[in-house]
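Worksheet: one structure, shown below.
The values are calculated or read from the model by the stated rules, or taken from the named source; none is laboratory data. What you see is a predicted model; the values in this text were computed from it and never measured. Cβ placement follows ideal geometry from the backbone for every residue including glycine, while neighbour counts extend to all protein chains displayed. These area figures cover heavy atoms from the full protein model, side chains too; ligands, DNA and RNA do not enter into them. Shrake-Rupley method; radii C 1.70, N 1.55, O 1.52, S 1.80 Å.
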Amino acid sequence: MARAVEFLGKPASVRKARVFTGNVLVDDRVEGSVIELAELLVSELVTNAAVHARGMVRLTVHADAHWVRIEVEDQGRGRPVLRPATQDDVDGRGLEIVDALATDWGTERRAAHKVVWFEIAR
């Protein structure tokens, strides 16, 4: 069963998103290492939404017997771009981290919203 919550698109919402994700996955009896990975990746995507989009951010967490799928939805118009960060960059590594650690990830358009999602194999 998927569970969702909305936050203001602010950096302070990142912690709330991590806690929500962890609580949902504990309730769904997901292994600790998968929970930690999901929390890390949620932090990256919610941070991106807070920096690049305005308004509310919707976080949806779903776990079944085989997968954890998490979606971060915002009202941003731009599509996230995976770009390699240089050694001197102080930010811009979020999608690189998601790409390296998630089993799969992608983006979708839904009406006036953008969704960035990832999946982790259990």
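Here are the numbers:
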| item | result |
| --- | --- |
| Residue within the stretch 23-32 that is under 13 Å from the mean Cα position of the chain (by Cα) and open to solvent by less than 80 Å² (accessible area, probe 1.4 Å) present | no |
| In the stretch 33-46, the residues that are surrounded by 14 or more Cβ atoms within 10 Å (Cβ to Cβ) and over 14 Å from GLU71 (Cα atoms) | VAL34, ILE35, LEU37 |
| Selected residue (criterion: nearest to the chain's Cα centre (by Cα)) from residues of the stretch 33-53 that are of a type in the set (Ser, Thr, Tyr) and closer than 21 Å to ALA12 by Cβ | SER43 |
| Subset of the stretch 68-84 that is surrounded by 14 or more Cβ atoms within 10 Å (Cβ to Cβ) and not charged (D, E, K, R) - its residue that is modelled with the lowest pLDDT | PRO80 |
| Qualifying residue in the stretch 52-60 (condition: among the hydroxyl-bearing types (Ser, Thr, Tyr) and surrounded by 16 or more Cβ atoms within 10 Å (Cβ to Cβ)) | yes |
| From the options ALA49, ALA111, residue that is surrounded by 19 or more Cβ atoms within 10 Å (Cβ to Cβ) and modelled with pLDDT under 95 | ALA49 |
| Answer from ASP64, ASP91 - the residue that is surrounded by fewer than 16 Cβ atoms within 10 Å (Cβ to Cβ) and either touching a helix residue (DSSP H, G or I) at 6+ places or on another chain (Cβ under 9 Å) or modelled with pLDDT under 85 (or both) | ASP91 |
| 2 or more residues in contact with a strand residue (DSSP E or B) (Cβ under 7 Å, 6 or more places away or on another chain) and among the charged types (D, E, K, R): qualifying strands (runs of 3 or more DSSP E) within the stretch 1-118 | 3-8, 67-74, 104-110 |
| Scope the stretch 8-17; condition surrounded by 18 or more Cβ atoms within 10 Å (Cβ to Cβ) and more than 14 Å from GLU73 (Cβ to Cβ); matching residues | VAL14 |
